[in-house]
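The values are calculated or read from the model by the stated rules, or taken from the named source; none is laboratory data. These figures come from a predicted structure and were not determined experimentally. Backbone-built Cβ (ideal geometry, glycine too); neighbour counts: all protein chains shown. Accessible surface areas use protein heavy atoms only, side chains included; no ligands, DNA or RNA. Shrake-Rupley method; radii C 1.70, N 1.55, O 1.52, S 1.80 Å.
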Amino acid sequence: MKDLKKLSTSLENEELFLNTIKYLSDVIDAKDEYTIGHSERVQRYSVLIGKRMGLSKKELDVLYLASILHDIGKVKVPISILNSRKKLNRFQFSEIKRHSVYGAYLLGSFKYVPGLQDAIKYHHERYDGKGYPEGLKGKNIPLFSRIIAVSDSFDAMTSGRSYKKEIRSEENAIKEISKNSKTQFDPQIVKIFIELYKEGYIHLEKGLHLLKMQSINSLEKSYLFLMDARKRMKNKDDRLLIDLNLGKIFVQSGRNKEGIKILKKVEKNLKGRKNRISKYELFNEISSAYYYLNRFEEALKYSFFVLKSKNSNLLEKSRAARHVGMVSFKMGKSIDRVFKYLDMSKGFYDKMEESFERRKEFLAEKNFSIVKYNQLINFKKEMTLDLAKYYDAKGFVYLNVGNFERAVQSYLDSINIKHFYGDLYGSIRSQSGLALVYIEQGKFLDAEYNLLESLDNALKLNNKLGLWMVYNNLGRLYLMKKNYEKSKDYYLKSFNIGSLIGNGYLLTEAVFFLTRFLKSEKKRKEVVKRYESLIGKDENNGIMISYIKGEKDVDIKKREEIFERSCESLKGSYRLLEHAKLFYNYLKFLKRNDREKYLEKVKVIPEVIRFISDGVVRRRLEKIYDLNTKICGDKRS
């Protein structure tokens, strides 16, 4: 028992050591926008080569670690040299060359993975013996080093380095690698790498890597690489995997109709086939796309399939339960039902936490593997980021039922997780949601801070859905601050981005206010025409739509009926904040057109604001109530 405890302590130290150097490796990659993710790409390409060569699982484990940590020695190289945009002098280049030796020294005491130190130390040796640090030749160079050399060179030539003057194309990189076979590179490894490239597997790995990256235009780049991989691939199962990820890209980009089309095609082709694709992951993606298209019954169908299946894992069940909760809220189901499923989602997460700890203990005591531990940590990251989405869902619901304090806390819980893991895409959404709560509370400075930080991230990533969200919310913020010129500018930007995405559901709020802000009749007509072409006949009976159509098309009586119907619908659907805001605008409408009915409606204000936290809309309605009922006289301002 004493020895086991000693072993566990030793393993914990090794794990801490690995996590530290892995973090430092990520930091090195992040120093330049062109080399972000370099180490992971080299790892992906190297493992592909190793699998094609038929390496054993143990050998692949070592290769996995060596390739992802191959540049760890650069932590000892001065940043001024790493980030130099000028040609390096011979002293600076000599320092760069030492990074492989530095890496070996750093890993010198890492005894649980034999061969790791040599793989890193010799990954810049050349097959002809003219490399460094020791001038090893041919098969005397460790196999893992020879594999990493090819992967590292390809990524360096296609992603750019600070001390390279230009980014060479992939085709040129392949020619260069082929040309240097037998001199710089092992000819057997070159042959395998070129085969993998021609078959589309290099493009597939790069596309999947970019899909999870937080870098500029990563979604657009991922789409291009996946499409290129699809053209090259003959294996139907691999093409299905590509289609699943293409569908994810469309959904993440707000292009849900296109996403549904691809995902349904995957579902059709998956029937009766054994494939590495999880149909439960697929069904959750389809459910998500239907949710954003307001096709709620179809969304529920797929979510319930995942929830009820005995074979779906806890992560997919957690996602499905969250989807059911959000769809239920949008459909106007009871708040008890909404939180029943949101709490169920959290319950599945708690079970995953327990399972995670058991698996970690099993690795430490029975079957320790640094690689398996690393994979377990990656899964922990995925499930924790999914927990952040649960907090987002709670924040959204609390905001819409008017409980601003709990909404703020829920969004902050989500933001803390996303910031910790560097999830910029997710942070944009959560901070935008938090900003909406602050707007409703009248805390405009806090809202502006969160939105401007989100805007900075969205611009860095060129994330169109994120930009639409932030621009739209900035338009709302400055409208509330009565800075109508700024509000117009941001709503116009929101409209233009939303139009590029091609999703009409994103444009309603912006179009509604632009038809009031734009002075040019021609511009107003262009905006409405573009909006109608995108929205089609899916949405034609809301109050905003009736105003967008203009006074000539909708008479006063019909507009009053739309107000009544919309208020009743929101009241019955538990969307209390939306109901209160719409009711406020209904009162303004009645004050202009039907004074008697206006005074009758004023009497129900206490009921309307009963559960709404202190904020802008509550104060406005309280003021109307006080002025018209003479209860508080002039005590309110």
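The set of residues from the range 497-531 being touching a residue at least 24 places away in the same chain (Cβ under 8 Å), under 18 Å from Ser487 (Cα atoms) and over 22 Å from the mean Cα position of the chain (by Cα) comprises Thr508, Glu509, Ala510, Val511, Phe512, Phe513, Leu514, Thr515, Phe517, Leu518, Val527. Taking (1) crowded, with 22+ Cβ neighbours inside 10 Å; (2) touching a residue at least 24 places away in the same chain (Cβ under 8 Å); (3) more than 23 Å from Val324 (Cα to Cα) in turn, Asn450 satisfies each apart from (2).
Among the residues of the range 211-260, the ones that are open to solvent by 70 Å² or more (accessible area, probe 1.4 Å) and of a type in the set (Ser, Thr, Tyr) come to 1 in all. Of all residues in the range 135-161, those being part of a helix (DSSP H, G or I) and open to solvent by 40 Å² or more (accessible area, probe 1.4 Å) number 3. Cβ-Cβ distances below 8 Å connect the following pairs, each with a first residue in the range 223-236 that is closer than 15 Å to Glu195 by Cα, a second residue that is among the hydroxyl-bearing types (Ser, Thr, Tyr) and surrounded by 13 or more Cβ atoms within 10 Å (Cβ to Cβ), and a separation of six or more residues or different chains: Ala229/Tyr201; Met233/Tyr201.
In the set Ile120, Ile167, Ile174, only one residue is open to solvent by 60 Å² or more (accessible area, probe 1.4 Å), at pLDDT below 95 and either of a type in the set (A, V, I, L, M) or closer than 17 Å to Val42 by Cα (or both); that residue is Ile167. With respect to the conditions (1) at pLDDT 95 or above; (2) within 22 Å of Ile68 (Cβ to Cβ); (3) surrounded by fewer than 19 Cβ atoms within 10 Å (Cβ to Cβ), Tyr132 lacks only one, and its number is (1). Quick one: is Arg322 farther than 23 Å from His579 by Cα, in contact with a Ser or Thr (Cβ under 9 Å, 6 or more places away or on another chain), of a type in the set (Lys, Arg) and in a helix (DSSP H, G or I)? Yes, satisfied. Residues of the range 483-509 that are open to solvent by 20 Å² or more (accessible area, probe 1.4 Å) and under 17 Å from Leu451 (Cα atoms): Asn483, Lys486, Lys488, Asp489, Tyr490, Leu492, Lys493, Ile497.
Just one residue in the set Leu479, Leu452, Leu459 is of a type in the set (A, V, I, L, M, F, W, C) and within 25 Å of Arg618 (Cα to Cα); that residue is Leu479.
Here's the yes/no breakdown for (1) in contact with a helix residue (DSSP H, G or I) (Cβ under 7 Å, 6 or more places away or on another chain); (2) open to solvent by less than 30 Å² (accessible area, probe 1.4 Å):
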{"site": "Ser414", "(1), (2)": "yes, yes"}
{"site": "Leu436", "(1), (2)": "yes, no"}
{"site": "Glu440", "(1), (2)": "yes, yes"}
{"site": "Leu445", "(1), (2)": "no, no"}
{"site": "Asn473", "(1), (2)": "yes, yes"}
{"site": "Arg476", "(1), (2)": "yes, no"}
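You will find that of Ser84, Ser100, the residue that is open to solvent by less than 50 Å² (accessible area, probe 1.4 Å), within 32 Å of the chain's Cα centre (by Cα), farther than 21 Å from Leu208 by Cβ and not aliphatic (A, V, I, L, M) is Ser84 and no other.
Here Lys248 meets the list (1) assigned to a loop (DSSP other than H, G, I, E, B); (2) touching a helix residue (DSSP H, G or I) at 6+ places or on another chain (Cβ under 7 Å) almost entirely, failing just condition (1). A single entry from Asp3, Asp26, Asp32, Asp71 fulfils the requirement of being at pLDDT below 85, closer than 24 Å to Ser169 by Cβ and not hydroxyl-bearing (Ser, Thr, Tyr): Asp32.
Quickly run through the range 332-342 and pick out the residues that are at pLDDT 90 or above, open to solvent by less than 60 Å² (accessible area, probe 1.4 Å) and in a loop (DSSP other than H, G, I, E, B).
So the first thing to find is which residues in the range 332-342 are at pLDDT 90 or above, and the list is 333-342.
In the following step, the residues that additionally are open to solvent by less than 60 Å² (accessible area, probe 1.4 Å) were identified as 334-335, 338-339, 341-342.
Ser334 - this is the single residue of the range 332-342 that is at pLDDT 90 or above, open to solvent by less than 60 Å² (accessible area, probe 1.4 Å) and in a loop (DSSP other than H, G, I, E, B).
Does Tyr64 satisfy the criteria of being modelled with pLDDT of 75 or more and among the aromatic types (Phe, Trp, Tyr)? Break it down into steps so the answer makes sense when it comes.
Numbers: modelled with pLDDT of 75 or more: yes; among the aromatic types (Phe, Trp, Tyr): yes.
In short, yes.
Of the listed requirements (1) open to solvent by 50 Å² or more (accessible area, probe 1.4 Å); (2) at pLDDT below 95; (3) aromatic (Phe, Trp, Tyr), Tyr425 misses just one: (1).
Can you say whether Ser345 is of a type in the set (Ser, Thr, Tyr), closer than 22 Å to Arg575 by Cα, within 23 Å of the chain's Cα centre (by Cα) and crowded, with 23+ Cβ neighbours inside 10 Å, as far as the supplied structure shows? Don't jump to the end; show me each part of the working.
Values: of a type in the set (Ser, Thr, Tyr): yes; closer than 22 Å to Arg575 by Cα: yes; within 23 Å of the chain's Cα centre (by Cα): yes; crowded, with 23+ Cβ neighbours inside 10 Å: yes.
Answer is yes for this residue.
When restricted to residues that are polar (S, T, N, Q) and either touching a strand residue (DSSP E or B) at 6+ places or on another chain (Cβ under 6 Å) or modelled with pLDDT under 95 (or both), the range 289-306 contains 1.
Per-residue answers, yes or no, for (1) assigned to a helix (DSSP H, G or I); (2) modelled with pLDDT of 95 or more:
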position: Glu195; (1), (2): yes, yes
position: Lys206; (1), (2): yes, no
position: Asp238; (1), (2): yes, no
position: Leu241; (1), (2): yes, no
position: Gly272; (1), (2): no, no
position: Asn275; (1), (2): no, no
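Taking the range 74-129 as the range and being without any contact (Cβ under 8 Å) to a residue 12 or more places away in the chain and closer than 20 Å to Ile147 by Cβ as the test, only Gly129 passes. Per this entry, Leu263 is counted among residues that are part of a helix (DSSP H, G or I), out of contact with any Leu (no Cβ under 6 Å at 6 or more places or on another chain) and buried (at least 21 other Cβ atoms within 10 Å of the Cβ).
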